[in-house]
Amino acid sequence: MTESTTAARLRGAWKGVHRGIHRGAAQVDTATPADRDRAVDALRAFAILGVVLGHWLVTALVADGGGTGLHTASPLQHLPWLAPISWVFQTLAVFFLVGGHVATRGYTSARARGTTYGQWLRSRLSRLFKPVAAVLVLWTVASVLLLLSGTDVDTVHTLCKLALSPLWFLLVFAALTAATPLLRRLNPLWPLAVVLHVDLLRFGLGGPDWLGWVNLAAGWLVPFTLGAAWTRGELERRRAGWILLTGGAAATAALIAWAGYPASMVGVPGAGISNLNPPTLAAVTFGLAQCGLALLLRGPLRRAMRRPLAWAAVALLNLSAMTIFLWHQTALMATTATALTAGHLPGLHTVPDDLGWVAARLAWLPLFTLVLALCWAAFRHYEQGPRRRSGRRSTVVRSHAASPGTEAEVRHHV
């Protein structure tokens, strides 16, 4: 076989793949109801990607001495000037904004159809918690096997803590979702006032640290109830987005510059105060700025999502959102632990204290993505259900077409 023949066959194969991708994207685009607000799905997809990339960039598992133990570290601990990275990738406020919008819209639509609260809540929570069982089972088995193999208890604790840390988010999100009927009319200023007073008591008057956990609910209530205000049509004007963006950014800058709040919007090992665990006033005002930017981007995102390829990618990511969210830390740890057999590799097992580590970590991201894709292939059916035979219209598409207020994603047939 000549070199030119091989090249021609490769070009032909690539063209076939290219045509197949475009056909699949066109099918997703055609199956999507015309009245679906694709910007909502795009914002959710960006929020999930922000969380995943943020964790992959700022979470380091450093190998202990000459042994095989691992402990957590962060480049933000050694390179505090990298704090702006957390401003880009700490996107949970956007997820709660979209979640509040979708939950209140879906509940209103369900009530109009005669669906009971219990039926609506079961359908909402089942997709959240079905994938959790697989994570819990795998890490229970893995922990037992690691302990039996002689792995240090502290290392096992570190791995389990990282793997299961996403569950706190699901519990808070589920609680707010369950309270949707009570929160539909709640003004976001009320939970914001709670966060303000809690921080005044903690940091200004020397109150107990445990008081901060009140903000775990109140802090995320702010973007969630902003989502409800979006559903009520109160945030349609661009002025609302600009007020949130500029006001939130100015308040956050003032809190960091003059009130002593950390610049990082994620937790940093060894730091006296974490903006995220539990949420502080600075994290909430930063979330307001993010929500304002998200609202301003709705128009451009709607236009971008008219492109079939872009929309298909967003739809697929939304369809697997919980699987990706739950398994991305496992992908990081599986890569790190497996590669430990090859020695202490830069960007994986070394102390994240210079730009060399950052460059090496960026080089590892494709491998993290590949391992996450394997996790997705293995566990996606817990979230998506069994695949359907080609040619049958998905119940997801049918249910969404009947009720544009639901959160169901578009499923494609490729």
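At pLDDT 95 or above, surrounded by fewer than 20 Cβ atoms within 10 Å (Cβ to Cβ) and more than 26 Å from residue 30 (Cβ to Cβ), is that true of residue 341? Can you show your working first?
Values: at pLDDT 95 or above: no; surrounded by fewer than 20 Cβ atoms within 10 Å (Cβ to Cβ): yes; more than 26 Å from residue 30 (Cβ to Cβ): yes.
No.
Could you say whether any residue in the stretch 107-125 is surrounded by 15 or more Cβ atoms within 10 Å (Cβ to Cβ), closer than 22 Å to residue 379 by Cβ and under 19 Å from the mean Cα position of the chain (by Cα)? Spell out how you get there, then give the answer.
Start the filter on the stretch 107-125 by keeping residues that are surrounded by 15 or more Cβ atoms within 10 Å (Cβ to Cβ), which leaves 107-110, 115, 120-121, 123-125.
Checking which are closer than 22 Å to residue 379 by Cβ leaves us with 123-125.
The next check asks that each one be under 19 Å from the mean Cα position of the chain (by Cα); those that pass are 124-125.
Scanning the stretch 107-125, I find at least one residue that is surrounded by 15 or more Cβ atoms within 10 Å (Cβ to Cβ), closer than 22 Å to residue 379 by Cβ and under 19 Å from the mean Cα position of the chain (by Cα), so the answer is yes.
Can you tell me which condition residue 70 does not meet? The list is (1) under 24 Å from residue 353 (Cα atoms); (2) modelled with pLDDT of 90 or more, and all the others hold.
That leaves (2) as the condition not met.
When you scan the stretch 217-240, do you find a residue that is in a helix (DSSP H, G or I), in contact with a strand residue (DSSP E or B) (Cβ under 6 Å, 6 or more places away or on another chain) and either closer than 23 Å to residue 171 by Cα or of a type outside the set (D, E, K, R) (or both), even just one?
yes
Tell me whether the stretch 276-296 contains one or more residues that are polar (S, T, N, Q) and without any contact (Cβ under 8 Å) to a residue 24 or more places away in the chain.
Step one: filter the stretch 276-296 for residues polar (S, T, N, Q), giving 277, 280, 285, 290.
Still in the list and also without any contact (Cβ under 8 Å) to a residue 24 or more places away in the chain: 277.
Within the stretch 276-296 (the criterion being polar (S, T, N, Q) and without any contact (Cβ under 8 Å) to a residue 24 or more places away in the chain), the answer is yes, since at least one residue qualifies.
Each row is one residue, and each column tells you yes or no for (1) assigned to a helix (DSSP H, G or I); (2) basic (Lys, Arg); (3) out of contact with any Leu (no Cβ under 7 Å at 6 or more places or on another chain).
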site: 252; (1), (2), (3): yes, no, yes
site: 257; (1), (2), (3): yes, no, yes
site: 265; (1), (2), (3): no, no, no
site: 273; (1), (2), (3): no, no, yes
site: 283; (1), (2), (3): yes, no, no
site: 293; (1), (2), (3): yes, no, no
site: 300; (1), (2), (3): yes, no, yes
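Select, from 246, 323, the only residue that is assigned to a helix (DSSP H, G or I) and surrounded by fewer than 19 Cβ atoms within 10 Å (Cβ to Cβ). Write out each step before concluding.
Working: 323 fails: surrounded by fewer than 19 Cβ atoms within 10 Å (Cβ to Cβ).
Checking each option against the conditions leaves just 246.
Given the structure, is residue 88 touching a His at 6+ places or on another chain (Cβ under 9 Å) and either at pLDDT below 85 or within 30 Å of residue 285 (Cα to Cα) (or both)?
No; evaluated as a whole, the condition is false for this residue.
Just for the stretch 149-167: of the residues that are hydroxyl-bearing (Ser, Thr, Tyr) and farther than 28 Å from residue 226 by Cβ, which one is modelled with the lowest pLDDT? Can you show your working first?
First, pick out the residues of the stretch 149-167 that are hydroxyl-bearing (Ser, Thr, Tyr): 149, 151, 155, 158, 165.
Now restrict to residues that are farther than 28 Å from residue 226 by Cβ: 149, 151, 155, 158.
Working: 149: 86, 151: 81, 155: 84, 158: 86.
Top of the filtered list is 151.
Can you tell me which condition residue 190 does not meet? The list is (1) at pLDDT below 95; (2) more than 25 Å from the chain's Cα centre (by Cα); (3) under 17 Å from residue 100 (Cα atoms), and all the others hold.
That leaves (1) as the condition not met.
Checking residue 148 against (1) among the aliphatic types (A, V, I, L, M); (2) more than 25 Å from residue 131 (Cβ to Cβ); (3) surrounded by 15 or more Cβ atoms within 10 Å (Cβ to Cβ); (4) free of Cβ contacts under 8 Å to residues at least 40 places away in the same chain, which test does it fail?
(3)
What residue, of 339, 363, is out of contact with any strand residue (DSSP E or B) (no Cβ under 7 Å at 6 or more places or on another chain), over 21 Å from residue 156 (Cα atoms) and part of a helix (DSSP H, G or I)? Don't jump to the end; show me each part of the working.
Working: 339 fails: over 21 Å from residue 156 (Cα atoms).
Criteria check complete, one pass: 363.
Out of the residues in the stretch 168-180 meeting the condition of being surrounded by fewer than 15 Cβ atoms within 10 Å (Cβ to Cβ) and at pLDDT below 95, tell me which one is nearest to residue 278 (Cα to Cα).
Residues of the stretch 168-180 surrounded by fewer than 15 Cβ atoms within 10 Å (Cβ to Cβ): 168, 171, 175.
Going one step further and asking which of them are at pLDDT below 95, we end up with 168, 171.
Numbers: 168: 11, 171: 14 Å.
Applying the filter and picking the extreme gives 168.
Give me the pairs, please: first residue somewhere in the stretch 94-110 and closer than 15 Å to residue 123 by Cβ and free of Cβ contacts under 8 Å to residues at least 24 places away in the same chain, second residue anywhere and buried (at least 24 other Cβ atoms within 10 Å of the Cβ) and of a type outside the set (Lys, Arg), beta-carbon distance under 9 Å, and either six or more positions apart or on two chains.
Correct list of pairs: empty, since none qualify.
The values are calculated or read from the model by the stated rules, or taken from the named source; none is laboratory data. All figures in this text were calculated on a predicted structure; none of them were measured in a lab. Don't worry about glycine lacking a Cβ; one is built from the backbone with ideal geometry, like all the others, and counts go over all protein chains shown.
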